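Here is the structure we will look at, set down as structure tokens.
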Amino acid sequence: MSTTVQSTPQQQTPLKQQDEYRFPPGLKLNLPFYFLRKFFKPADPIALFEHLARTYGRITHYMLGTSHIVFLNDPELIREILVNQAGSFIKERTQRRMKILLGEGLITSEGDFHMRQRRIAAPAFHRQRIAAYGEIMVRRAAAMRDSWQPGQRFDVSAAMMTLSLEIVARTLFATEVTDDIREINHEVNVIMGLYNFLVALPRAESYLHLPIPGLMRFKKARRKLDAVVHRMIADHRAYSESGGEDRGDLLSMLAASRDEEAEVTGQNDANKSSAQSQMSDEQLRDEVITIFLAGYETTANALAWTWYLLSQNPEAEARMFAEIEYVIGSGATGRLPTLEDMPRLRYTEQVFAESMRLYPPAWAMGRQSTSPIELEPYRFPAETYFFFSQYIVQRDAANFPDPLRFDPDRFTPEQKATRPRFAYFPFGGGGRQCIGEAFAWMEGVLILATIAQKWRLNFVPGQRVGVQPKITLRPKYPMLMTAELR
Ligand code: HEM
């Protein structure tokens, strides 16, 4: 990529370097002031991103204190960060607060260490391995749907949380939702509840030792969480050491998997976890909490939004019902779906895809540059933060005409081929693309088919609907639905 600047940064004084950078137009005001004045109560990052995209288009720059912030709203620029120039970016500070919960798990770790962990974890997420989970997903969804009564009213977002928690417990730990799992869930929710508080505290991670009430609650919750997870890891280790058969759960696979590449080349000693090629208990703890968190709330939210959108779009709902009936039958003559049905549940998959376009569970991402970055015609210094939002890009009329309309036909193979890769990226992209993506598609489609085979879920009129952009994009209010037998 060419640049208007010829000299290399190493040859320059810091003062001169400043001249070498070219920034796109953006907010002139001090952002905290701007943010407070315009969006305070409650601070709404989506409103800020929408404002930036509307006002400045595909790229904009502003300062937050001494930090350079760039907000991108363009699929090609996002590809530059996640793929083409990925080697010049880390997650580091954009994830620092997550680290105090997730440690050095797959989401938060960096560089060679991350690559090694990803290599070790990959077999556990391989399509063939996760195929066995399909049956668990369907069985759990069937048990839930069979417990409902016609006319019953319930909060679909809470129901989807319960269901995906059960599925994670069974697939990740080979256990039912026991007290242990309930405790993990409870402590994680306490921590999530404190997340906004932690975000508001600059550098919260550096004074965790101080007796600040919110931080003390956080630490207590984390201690309890760790105790439960460590006990589970010890149980799993004891079970496999006593010759117990492979239960096929993720934790067993992660505990047993080895970094074979490192074993061959003998390069496995350069990280904190182990001089061997297996994961240490500490590292397993970080991976387990990471996968637990990444794998449960995201899918639950995606499903809750899907039921809402279906209830508002009877035509799409009818087409999905017809497909499900055609593939697996309905009523007394129907059978439960299996993984093998997935290729024929195409429209159901498109419904799930379109739902994640409008309500992407991971609604924004960030990276920090480790060296000067060129995005023609601009040039940014090292340590610039780059942010982009699935929520904003996926609602851009440039790629999705009439963007607020729910239209699953946007995801036919022909339609998909007309768009740039990063017009739609609910699972991120590049080397750090979601490792659980296949798991999530399977879970989404099989749960939709199992429940919709029996029920139509009707949105109770008069309720407020809104988004709550936490770590995932949660519904802001309960979503009451009435179950109607089909
Ligand atoms: C609809 C459901 C899901 C969505 C929308 C989603 C979204 C994402 C996104 C956007 C990323 C990339 C973040 C970044 O690069 O900054 C990611 C990473 C990740 N996801 Fe998911 N995810 C989902 C389900 C799952 C499931 C079911 C699991 C595990 C069972 C999982 C485990 C992970 C892990 C471990 C990473 C980190 C990967 C790495 O950096 O190597 N996710 N996810």
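The values are calculated or read from the model by the stated rules, or taken from the named source; none is laboratory data. Owing to the predicted nature of the structure, the values given are computational and were not obtained by experimental measurement. Reconstructed Cβ throughout: ideal geometry from the backbone, glycine too, with neighbour counts over all protein chains shown. These area figures cover heavy atoms from the full protein model, side chains too; ligands, DNA and RNA do not enter into them. Shrake-Rupley method; radii C 1.70, N 1.55, O 1.52, S 1.80 Å.
Going by the conditions given, is L480 more than 16 Å from the ligand (Cβ to nearest atom) and touching a Pro at 6+ places or on another chain (Cβ under 9 Å)? Spelling it out, it is not the case that L480 is more than 16 Å from the ligand (Cβ to nearest atom) and touching a Pro at 6+ places or on another chain (Cβ under 9 Å).
Only one of the numbered conditions (1) part of a loop (DSSP other than H, G, I, E, B); (2) open to solvent by 30 Å² or more (accessible area, probe 1.4 Å); (3) within 12 Å of the ligand (Cβ to nearest atom) is not met by A382, and that is (3). Only one of the numbered conditions (1) at negative phi; (2) of a type outside the set (F, W, Y); (3) assigned to a loop (DSSP other than H, G, I, E, B) is violated by G462, and that is (1). Residues that are open to solvent by 50 Å² or more (accessible area, probe 1.4 Å) and either in a loop (DSSP other than H, G, I, E, B) or modelled with pLDDT under 90 (or both) are absent from region 68-85 altogether.
F439 meets each of the listed conditions (1) under 16 Å from M160 (Cβ atoms); (2) out of contact with any strand residue (DSSP E or B) (no Cβ under 8 Å at 6 or more places or on another chain); (3) more than 7 Å from the ligand (Cβ to nearest atom); (4) open to solvent by 10 Å² or more (accessible area, probe 1.4 Å) apart from (3). Candidates in region 396-429 are the residues that are closer than 25 Å to L48 by Cβ and within 16 Å of the ligand (Cβ to nearest atom); of these, the one that is surrounded by the most Cβ atoms within 10 Å (Cβ to Cβ) is F422. Residues that are of a type in the set (G, A, S), open to solvent by 40 Å² or more (accessible area, probe 1.4 Å) and part of a helix (DSSP H, G or I) within region 110-154 comprise G111, A122, A132, A143, S147, listed in sequence order. Please go through region 330-379 and give me each residue that is touching a residue at least 60 places away in the same chain (Cβ under 8 Å), part of a loop (DSSP other than H, G, I, E, B) and away from the ligand (no atom under 16 Å from the Cβ), ordered by number. Result: S330, G334, L336, P337, T338, L345, S371, P372, E376, P377. Taking the numbered list (1) away from the ligand (no atom under 16 Å from the Cβ); (2) touching a strand residue (DSSP E or B) at 6+ places or on another chain (Cβ under 8 Å); (3) of a type in the set (A, V, I, L, M, F, W, C) in turn, A452 passes all entries but (2). Scoring R97 on the criteria (1) farther than 18 Å from P469 by Cα; (2) open to solvent by 30 Å² or more (accessible area, probe 1.4 Å); (3) within 16 Å of the ligand (Cβ to nearest atom) leaves a single failure, condition (1). Close contacts from region 397-415, counting a first residue that is within 18 Å of P314 (Cβ to Cβ) and a second that is part of a loop (DSSP other than H, G, I, E, B) and open to solvent by 30 Å² or more (accessible area, probe 1.4 Å), with Cβ to Cβ under 6 Å and a gap of 6+ residues or different chains, come to F406/N313.
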